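Reviewing the structure listed below.
The values are calculated or read from the model by the stated rules, or taken from the named source; none is laboratory data. Just so it is clear, the model here is predicted, and its values are computed rather than measured. All Cβ positions, glycine included, derive from the backbone under ideal geometry; neighbour counts span all protein chains shown. Only protein heavy atoms, including side chains, enter the accessible area calculation; ligands, DNA and RNA are left aside. Shrake-Rupley method; radii C 1.70, N 1.55, O 1.52, S 1.80 Å.
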Amino acid sequence: MSTKNHEFQLAERAEGHIIPGRTFKLVEIDMPTAADLKDGQVLLETHYLSLDPAMRGWIQDFRSYLPPVAIGGRMRGNVLSKVLASKSSKAKEGDMVTSFCGWTEFAIIDDKFIQPDNLPKGTKVTDALGAAGLTGWTAYFGLKHIGQPKAGETVVVSGAAGATGSVVGQICKLKGCRVIGIAGSDEKCQMLTRELGFDVALNYKSPTFREDLVKATPDFIDIYWDNVGGEILSIALDQSASHARFVMCGSISGYNNEGRKATGVQNLYRVTTSRIRMEGFVVTDYSAEIPAAREELGQWLAEGKIKRKETIVKGGLKMAEHAIGDLFTGKNTGKLLVEVKACEE
Ligand SMILES: NC(=O)c1ccc[n+]([C@@H]2O[C@H](COP(=O)([O-])OP(=O)(O)OC[C@H]3O[C@@H](n4cnc5c(N)ncnc54)[C@H](OP(=O)(O)O)[C@@H]3O)[C@@H](O)[C@H]2O)c1
């Protein structure tokens, strides 16, 4: 067995897009071993690395909910790992756990930072990073606390074919809403209506997108789930119902802007006159509710009430710096993961 580990370190703060071979540096270091464990720690081997749009922000030095990744520091990331050795009562050898130990093949971590992968039978191991993991929790908490969908309401989801949006739309269907998804290709739109049960799906790249959205929302929009920001948000504001709730989850269309200048939302007049509630949140605001979210999402997945969508990039950790760009070109459908080491189910 190799005694070497590989990890990605941040080499520079990207201006604009992340550039493979430049933004990050892949380094070879000694592999940690069981002999290095202190009480309360576990030795982990990474199987899957979650790639998230938020990573673009984490490598930037600006005021945010987390400190930036340091230059020369290991890149932050949510991973699914196997416990190789344990000096913790929370996990034993062979257990699968998720943690934020980052873009690395092996790591030692304190047990207070691990989450058990104890999803019900009928789920997939990667669901712990996707629809029943941080992505699913984001959808679940944003809807529970801000969107508060009720039967018969009209919900519009941007980034609908992505990891978070695909779960948001399906939960809203379970709640009896009429759900309109917005995505960047006709194939993604077909997937949303044919596979995931969305009522309507619209391609925002179509020249008739604005008219299409107006036509699809004759009773206006009660809940708008924003993953994208920019022009699509502006159009959704114009089409909002009175007392609409705008769940401000993310604004990926602006993440690669130099200096992250605000993208144009000219429509704040409508926020006032329609008494719209626009509220941002970060998934970790609701950490205490994670066990309940994981259980309900896991149950829905196991029962087939929601379907997972995932794009898994094979080829090991080295693929991470290439694959992260797929989030910004829309190459992924559903949860984007790098398979660092295949996992037998
Ligand atoms: N608040 C929180 O705690 C929290 C937690 C997780 C995620 N988020 C946010 O949720 C959003 C979705 O994250 P995710 O992990 O689920 O990623 P994702 O939706 O799986 O992937 C990103 C998708 O965004 C779309 N996109 C990229 N550039 C775009 C642009 N300029 N205009 C419109 N769409 C664009 C692409 O799909 P198309 O092909 O459709 O363009 C792409 O597939 C992000 O804004 C993220 O920051 C927030």
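Might you report the magnitude of the Cβ-based charge dipole of the chain about its Cα centre, with Lys and Arg at +1 and Asp and Glu at -1, to the nearest 20 debye? Mind showing how you got there, number by number?
Details: 42 positive and 42 negative charges, 97 e Å.
So the magnitude is around 460 debye.
List the cysteines in the chain whose Cβ has no other cysteine Cβ under 4.7 Å from it.
Cysteines of the chain left without a disulfide-compatible partner: C101, C189, C249, C343.
Would you check the accessible area of V282, probe 1.4 Å, heavy atoms only, in square angstrom rounded to 10?
40 Å²
Could you report the accessible area of E296 in Å², rounded to 10, computed with a 1.4 Å probe on the protein chains as they sit in the structure?
E296 exposes around 70 Å² with every protein chain in place.
Got a number for carbon plus sulfur as a percent of the chain's accessible area, 1.4 Å probe? Present the calculation step by step, with values, prior to reporting the outcome.
Working: 7810 of 15420 Å².
Looking at the chain in its full context, I get 51 percent from C and S.
What's the lysine pair count for the range 134-284 at a Cα cut-off below 18 Å, pairs eight or more apart or interchain? Spell out each step's value before the answer.
On the way: K144/K173; K144/K175; K150/K173; K150/K175; K173/K188; K188/K205; K205/K215.
Taking the Cα cut-off of 18 Å, the pair count is 7.
Round to the nearest 10 and give me the degree value, 0 to 90, for the angle of helix 290-302's Cα axis relative to the longest principal axis of the chain.
The helix 290-302 is inclined about 80 degrees to the chain.
Please calculate how many Å² of accessible area the chain carries per residue, with a 1.4 Å probe and no DNA, RNA or ligand atoms counted.
Details: 15420 Å² over 345 residues.
Heavy-atom SASA per residue in the chain reads 45 Å².
Rounding to the nearest 10 and keeping the result within 0 to 90°, find how far the Cα-based axis of helix 163-174 lies from the longest principal axis of the chain.
Computed tilt is about 50 degrees.
With N denoting the number of residues in the range 134-284, provide Rg(C-alpha) divided by 2.2 N^0.38 Å, to two decimal places. Spell out each step's value before the answer.
Values: Rg = 14.0 Å, N = 151, 2.2 N^0.38 = 14.8 Å.
Here the answer is 0.94, to two decimals.
Report the accessible area of E279, computed with a 1.4 Å probe over the heavy atoms of all protein chains in place, in Å² rounded to the nearest 10.
Rounded to the nearest 10, that gives 60 Å².
Mind checking which lysines have their Cα closer than 19 Å to the Cα of K92? Skip sequence neighbours fewer than 8 apart in that chain.
In chain and number order, the partners are K38, K82, K112.
Please find the FRET efficiency linking N257 to K124, where r is the Cβ-Cβ separation and R0 is fixed at 35 Å, and quote it to the nearest 0.05. Please report the intermediate quantities before stating the final value.
Details: r = 35 Å, r/R0 = 1.01.
Once rounded, the FRET efficiency stands at 0.50.
Identify the residues of the range 135-168 with backbone N under 15 Å of a label point that sits 7 angstrom from the Cα of F100 along the Cα-to-Cβ direction, or state none.
Label zone hits: 135, 138.
Convert 37 °C to kelvin, take the viscosity as 0.692 mPa s, use the Kirkwood radius over C-alpha pairs of the chain as Rh, and evaluate the Stokes-Einstein diffusion coefficient in µm²/s, rounded to a whole number.
Details: Rh = 20.8 Å.
Estimated diffusion coefficient is 158 µm²/s.
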